[in-house]
1. Taking only the range 85-95 into account, find how many residues are touching a residue at least 24 places away in the same chain (Cβ under 8 Å) and closer than 19 Å to S62 by Cβ.
2. Scan the range 83-111 residue by residue and report those that are closer than 17 Å to K46 by Cα and either aromatic (F, W, Y) or over 14 Å from the mean Cα position of the chain (by Cα) (or both).
3. Residues that are out of contact with any Asp or Glu (no Cβ under 7 Å at 6 or more places or on another chain) and modelled with pLDDT under 85: find the helices (runs of 4 or more DSSP H) completely inside the range 8-111 holding 2 or more of those.
Amino acid sequence: MIFLNQIYQKNQWVVIKYHLLLKNKNKLSIIIIERMPRQINLTLQKQFGENLRRIRESKGLSLLDLANRSELDKSNIGKIENGKHNIQLSKIFELAKGLDVEPKLLLEFKI
C-alpha cells in the first residue's frame, strides 16, 4: 500500500513524501522533490481557497463555525480562503472533517 504522507513547499521546491507499506510490514519512505514555479503555487493556493469558501458557504457555515468544527484557527482559515496561506495536508483533512465532506472534494477545482 502507498500512503501520501506529506506535501509542502520549501522555497521554490515542492516536496512530496510517500510511505510504502511492504508485505513484510516494513515501511519504505520515498521523497520526490520537484521545482514548482511560484506563480503556479500562488494559483493553486488561490483556487484551493476559493473552493474552500464555496463549500463552506454552501453548508451555511461561518469562519467561526468551521474553526470550531475543524479545530483550526479562524484567522488561518481566512488566510487559506484568501490564498495567502500554503496549506499542509493534515489541515486539508481537518477542514474536510469540519465541513463533513471527503478531503478530495477540497481538491476538486480547475487550475
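The values are calculated or read from the model by the stated rules, or taken from the named source; none is laboratory data. Quantities reported herein were computed from a predicted structural model and do not represent experimental measurements. Because the Cβ atoms are built from the backbone with ideal geometry, glycine has one as well, and the counts that use them run over all protein chains shown.
1. 3
2. Those that are closer than 17 Å to K46 by Cα and either aromatic (F, W, Y) or over 14 Å from the mean Cα position of the chain (by Cα) (or both): F109, K110, I111.
3. On the way: elements: 38-58, 63-70, 74-81, 89-99, 103-106.
Helices (runs of 4 or more DSSP H) meeting the threshold: 38-58.
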